[in-house]
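Data first, discussion second: the structure below is written as structure tokens.
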């Protein structure tokens with residue numbers, strides 16, 4: 001019994017060390033981000049509101065090539081205001097923390113992996129290792145998609161939408177930051193669908209035949225979600241948002257199909 005208790009406390013000490021190291025990495029990265037305030041806010045946080053943002057330049061080029069008026073993709077001016085005394089300072093701190101947390105995901109996943117690895121069988125190690133790698137990659141792809149595609153298009157439309165010309169849109173910094181963080185995080189998690197599909201398929205809870213049968217329904221659902229996220233009447237904008245969402249669904253279908261095929265071998 002004494003050895004078992006010692007083993008438990010040893011594991012607890014290892015977990016404590018992993019948590020402390022992860023927090024130290026996040027804190028260190030947050031301090032670095034905090035010190036580069038001008039670059040972070042000028043070229044990252046508020047960059048999606050600028051006319052030279054890569055997404056707007058690409059859409060303007062595609063619009064021009066397709067013979068569509070460039071005005072359809074005109075970037076509307078966004079006036080961001082601060083309504084609370086400490087809003088800008090707290091925003092500086094929160095953005096530093098969120099940026100550091102996202103940047104530290106690979107390190108945190110590594111700490112998780114080294115903590116649970118001794119308790120896994122060789123076959124389990126292979127699956128969990130791959131899952132952690134793909135989880136991190138897909139999260140970054142999703143967050144990047146939200147930042148470069150969904151968020152700027154949403155801001156450009158919503159900041160210019162008026163129920164009456166008498167009401168001027170003054171966007172609070174809190175509202176802007178909340179939307180940026182929420183879209184990047186939720187889209188990042190949404191892109192974890194292939195990983196979830198893989199484990200559901202391995203458990204026998206999801207079949208390729210089911211996804212194939214409802215593929216058309218999924219396409220319609222993706223278009224509806226894209227229309228809600230970017231409620232613009234412009235087809236280019238909606239399709240540009242819907243495309244990555246549907247591609248991640250198709251990737252999930254491919255993953256489930258491969259799992260089903262391996263089970264038959």
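Readers should treat all values here as calculations from the given coordinates under stated rules, not as data from a laboratory. Because the structure is predicted, anything quoted here is derived from the model rather than measured. Heads up, the Cβs are rebuilt from the backbone with ideal geometry, glycines too, and the neighbour counts pull from every protein chain shown.
Below is a table of values for the structure above.
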{"quantity": "Cα-based Kirkwood hydrodynamic radius, the stretch 114-265, one decimal, Å", "calculated": "17.7 Å"}
{"quantity": "Largest to smallest principal axis extent of the C-alpha atoms in the stretch 10-132, angstrom", "calculated": "64, 43, 21"}
{"quantity": "Spin-label model distance (nm) - residue 186 vs residue 217, 7 Å beyond Cα toward Cβ", "calculated": "2.3 nm"}
{"quantity": "The chain: relative contact order as a whole-number percent, Cα under 8 Å and 6+ apart", "calculated": "21 percent"}
{"quantity": "Efficiency of FRET from Cβ geometry, residue 120 and residue 20, R₀ 22 Å, rounded to 0.05", "calculated": "0.40"}
{"quantity": "Simple label model, 7 Å out from Cα along Cβ direction - residue 86 to residue 37, nm", "calculated": "1.6 nm"}
{"quantity": "Mean ellipticity per residue at 222 nm, deg cm²/dmol - from DSSP H runs of n ≥ 4 across the chain, formula -39500 (n - 2.57)", "calculated": "-23500 deg cm²/dmol"}
{"quantity": "Sites residue 178 and residue 260, calculated FRET efficiency, Cβ-Cβ separation with R0 41 Å, nearest 0.05", "calculated": "0.50"}
{"quantity": "Förster-model FRET efficiency, 30 Å R0, residue 94 and residue 161, C-beta, rounded to 0.05", "calculated": "0.70"}
{"quantity": "Cβ crowding within 10 Å averaged over residues, with 134-141, 150-157 ranked highest first", "calculated": "150-157, 134-141"}
{"quantity": "Cβ-based exposure ranking for 260, 166, in which fewest neighbours within 10 Å come first", "calculated": "166, 260"}
{"quantity": "Cα-Cα separations in the chain greater than 33 Å, expressed as whole percent", "calculated": "37 percent"}
{"quantity": "Likely footprinting exposure, 185, 167, fewest C-beta neighbours within 10 Å first", "calculated": "167, 185"}
{"quantity": "Shape call, the stretch 122-202: gyration tensor on alpha carbons, a/c limit 1.5", "calculated": "prolate"}
